[in-house]
1. Looking only at the range 434-449, decide whether some residue is in the same structural domain as L368 (by TED's automatic domain parsing), out of contact with any strand residue (DSSP E or B) (no Cβ under 7 Å at 6 or more places or on another chain) and under 26 Å from R398 (Cβ atoms).
2. For the list (1) over 15 Å from the mean Cα position of the chain (by Cα); (2) within 25 Å of Y514 (Cα to Cα), I need the number of the one condition that D432 fails.
3. Can you confirm whether the range 44-66 contains a residue that is aromatic (F, W, Y), under 27 Å from P450 (Cβ atoms) and outside the structural domain of A144 (by TED's automatic domain parsing)?
4. Show me the strands (runs of 3 or more DSSP E) found entirely inside the range 456-543 where at least 1 residues are touching a Cys at 6+ places or on another chain (Cβ under 9 Å), at pLDDT 90 or above and buried (at least 24 other Cβ atoms within 10 Å of the Cβ).
5. What is the residue count in the range 340-362 for residues that are modelled with pLDDT under 95 and among the hydrophobic types (A, V, I, L, M, F, W, C)?
6. From the list A92, A83, which one is among the hydrophobic types (A, V, I, L, M, F, W, C) and touching a Phe, Trp or Tyr at 6+ places or on another chain (Cβ under 7 Å)?
7. How many of the residues making up the range 382-416 are of a type in the set (G, A, S) and surrounded by fewer than 17 Cβ atoms within 10 Å (Cβ to Cβ)?
Amino acid sequence: MLQKDDAATADESTRSGASADPAHNGESAARDDILRVEDLRIAYRIGDREVDAVRGVSLSVKRGEVVAIVGESGSGKSTVAQAIMNLLAPNAEVTGGRVVFEGEDLLPLSERRWRGIRGRLMGLVPQDPALSLNPVRRVGVQVAEPLLVHGLASKHDAADRAIELLEMAGLTYPAERAKQYPHQFSGGMKQRALIAGALAARPSLVIADEPTSALDVTVQKQILDHLAHLTQELGTSILLITHDLGMAAERADRVIVMRQGEIVDAGPAAQVMTAPTHEYTRKLIDAAPRLSAHERRTASTQARIEFGGEPIVRVSELTKIFPLPKGEGDRRTLTALDAVSLEVRRGETLAVVGESGSGKSTLGRLVLRLDEPTSGAISFAGEDITHVKGEKLRQLRRRFQMVYQSPFDSLNPRMTIEQLITEPLLSFGEGDRSSRSKRAVELSEQVALPDGMLDRFPDELSGGQRQRVAIARALALDPEFLVLDEAVSALDVSVQAQILKLLDELQRERELSYLFITHDLGVVAETADRIAVLKNGILVECGDAGQIFTNPQQEYTRMLIEAVPAFSA
């Protein structure tokens, strides 16, 4: 657990947009700061408009300190992180303020000077791993790159160190994983590889933008424990950008709450979480999912679900084996899914949990026939679809859809939001242009997209807004069955609560069935009727949500539950 020093932060009283930087109170305090952001202002140019994204943000991070910035998607927290590392989008401009790191003003620096800072003195764990890993380079090479670029290791030693870093980040078979390419990794595995790379050179400051959003709770704990080790042993400082209030409460020394480009609340973590001064902070805390929610979910769904009814989806002895590159190591294959049998009943939500790389996403893709199984059988609505192809498979797409883990991967950057949402309707010849546009408006309202988004492009939206577009598109054809692969992991808690409520309402109205793949057990408690637990491709436990949470039968399941931050229990 990242250590908190309440004595060092007890005098902090920043509120309602004022500076979150106690170091401004004196020169001696300022000398303890590794990072100071002073009255930072950033604007985006969108067409002929200029939008203020960050408005007068001031904060500090001390040596060995963990500072968490929380807030809704679009609040400006990631923009602050990007500005600190001089990685703003081309249409963004710093219009005022300063960023001081190790006593040096960063904003005027040349790119040559920045190349000596990034990766060596300042590490970054970016929000979306799909955009940050080179698809044509092996993962181990990319993890080792900071060591080679900064002359910290020979090529051989860097390769060995990359394997150690991947193991530290929680990847199984790290030597084999180092030789694989990003497309062979799940989203969570990619995230762990990025964390390994960010820590390779042991930087003095790590900016972690949603560093564990794609990770299950056990690996989240492992990664955060390692970051804690760096803060304690090396004095590494952490600026943590997150929508996870449980993580912020448990892991940060101080918490800064942003809304619409401004700081609205700040102070010691315990103080902000237990005695917030701003209504927005209270709203975020109230919206956070908790494990105890499974009791309410169980009570509200008992009468609705026909537990004896015909399953809408059934898989039997489902197995998926991937080949590994030839001539590399002793292992020639990787078993992602090993003889898994389970079913999803009409009108229910089956949550699939387990470590990243456990086979969750592989299961979802096989069920929807996006990948071919190595062996086993898949049935949908009583019909064997294991080997269905061509037009028959295409027509099945009307009846089941997927919401992908990464909206960056699944949304065409050249299409407007309206075009993306209505793409399934156009593909199947549904309606005319006018009716499709009307449907786009309805769906955008259902998923809580702000007004005026339909004529924009994906790169003009925040990560959470893009994920809402992906959910709207999946609902366009009124499917019977959805696979939701970490569908709310990119959303802040208040929007997450809206989306989960929406999914529940749709399920009740239309008897929708969900296969809900997630690492967030709080979300599982809010949504699941039953839970399937996977480990290394094997189904280790499956049962009613209440039974799993209150009386798990397997040690691995107990470990998952015990790793949930206390705030979310």
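1. So far as the range 434-449 goes, no, none of its residues is in the same structural domain as L368 (by TED's automatic domain parsing), out of contact with any strand residue (DSSP E or B) (no Cβ under 7 Å at 6 or more places or on another chain) and under 26 Å from R398 (Cβ atoms).
2. Of the numbered conditions (1) over 15 Å from the mean Cα position of the chain (by Cα); (2) within 25 Å of Y514 (Cα to Cα), the odd one out for D432 is (2).
3. yes
4. The qualifying strands (runs of 3 or more DSSP E) are 530-535.
5. 1
6. A92
7. 2
Rundown of residues vs (1) within 23 Å of the chain's Cα centre (by Cα); (2) in contact (Cβ under 8 Å) with a residue 12 or more places away in the chain; (3) farther than 11 Å from G197 by Cα, yes/no style:
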| site | (1), (2), (3) |
| --- | --- |
| R138 | yes, yes, yes |
| V141 | no, yes, no |
| E145 | no, yes, no |
| V149 | no, yes, yes |
| L166 | yes, yes, no |
| G170 | yes, yes, yes |
| P182 | yes, yes, yes |
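The values are calculated or read from the model by the stated rules, or taken from the named source; none is laboratory data. Every value quoted in this text rests on a predicted model; they were computed, and no experiment measured them. With ideal geometry, Cβ positions are generated from the backbone for all residues, glycine too; neighbour counts draw on all protein chains shown.
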